[in-house]
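Chemist: Take a look at this one; I'll ask things after.
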């Protein structure tokens with residue numbers, strides 16, 4: 001139990017994934033079971049976050065998934081070829097393409113958390129991509145929210 005905040009210590013890490021159409025995505029339909037498992041792990045694993053970009057070493061992926069290193073590399077390569085994830089072995093950062101879109105709600109607390117996570121991304125290209133996605137999603141949310149208030 002987290003004595004500072006009280007309640008469930010895992011609640012701060014909880015988030016909804018809006019994946020209703022994920023399994024019908026043509027990119028997903030061509031994946032093997034192992035590749036789907038890796039993609040699911042990258043989106044929901046213990047190191048995953050709201051921004052979809054986080055540090056994780058290959059040893060951790062191997063340990064958590066039970067897959068061999070060669071299988072993890074093969075899966076990462078295939079997912080990268082399909083434009084689903086990118087991995088920077090220098091910074092040990094993983095970027096789930098469209099990962100932020102799966103969890104973005106526009107809530108102020110969530111926005112602050114996403115901004116902190118973006119600030120911690122070491123890979124410049126990853127940071128620019130996630131920041132661009134965040135700003136587009138935030139602008140669309142605010143536009144939609146403003147349109148709803150005018151009606």
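The values are calculated or read from the model by the stated rules, or taken from the named source; none is laboratory data. Because the structure is a prediction, the values reported are computed rather than measured. We place every Cβ from the backbone using ideal geometry, glycine too, and count neighbours over all the protein chains shown.
Chemist: With the checklist (1) under 26 Å from residue 27 (Cα atoms); (2) more than 16 Å from the chain's Cα centre (by Cα); (3) in a helix (DSSP H, G or I) in hand, flag the one item residue 144 doesn't pass.
Modeler: (1) is the only condition that residue 144 fails.
Chemist: Give the residues of the range 120-136 that are under 13 Å from residue 50 (Cα atoms) and either touching a residue at least 12 places away in the same chain (Cβ under 8 Å) or assigned to a helix (DSSP H, G or I) (or both), sorted by residue number.
Modeler: 121, 130, 131, 133, 134
Chemist: Determine which single condition residue 99 fails, assuming it passes every other condition in (1) touching a helix residue (DSSP H, G or I) at 6+ places or on another chain (Cβ under 8 Å); (2) under 18 Å from residue 50 (Cα atoms); (3) modelled with pLDDT of 95 or more.
Modeler: (3)
Chemist: Looking only at residues that are outside any loop (DSSP other than H, G, I, E, B) and either in contact (Cβ under 8 Å) with a residue 40 or more places away in the chain or in contact with a strand residue (DSSP E or B) (Cβ under 6 Å, 6 or more places away or on another chain) (or both) in the range 40-60, which one is surrounded by the fewest Cβ atoms within 10 Å (Cβ to Cβ)? Let's see the steps before the verdict.
Modeler: Within the range 40-60, the subset outside any loop (DSSP other than H, G, I, E, B) is 40-44, 53-55, 58-60.
This time we only want the ones that are either in contact (Cβ under 8 Å) with a residue 40 or more places away in the chain or in contact with a strand residue (DSSP E or B) (Cβ under 6 Å, 6 or more places away or on another chain) (or both), so: 42-43, 53-55.
On the way: 42: 25, 43: 19, 53: 28, 54: 21, 55: 16.
The extreme case among them is 55.
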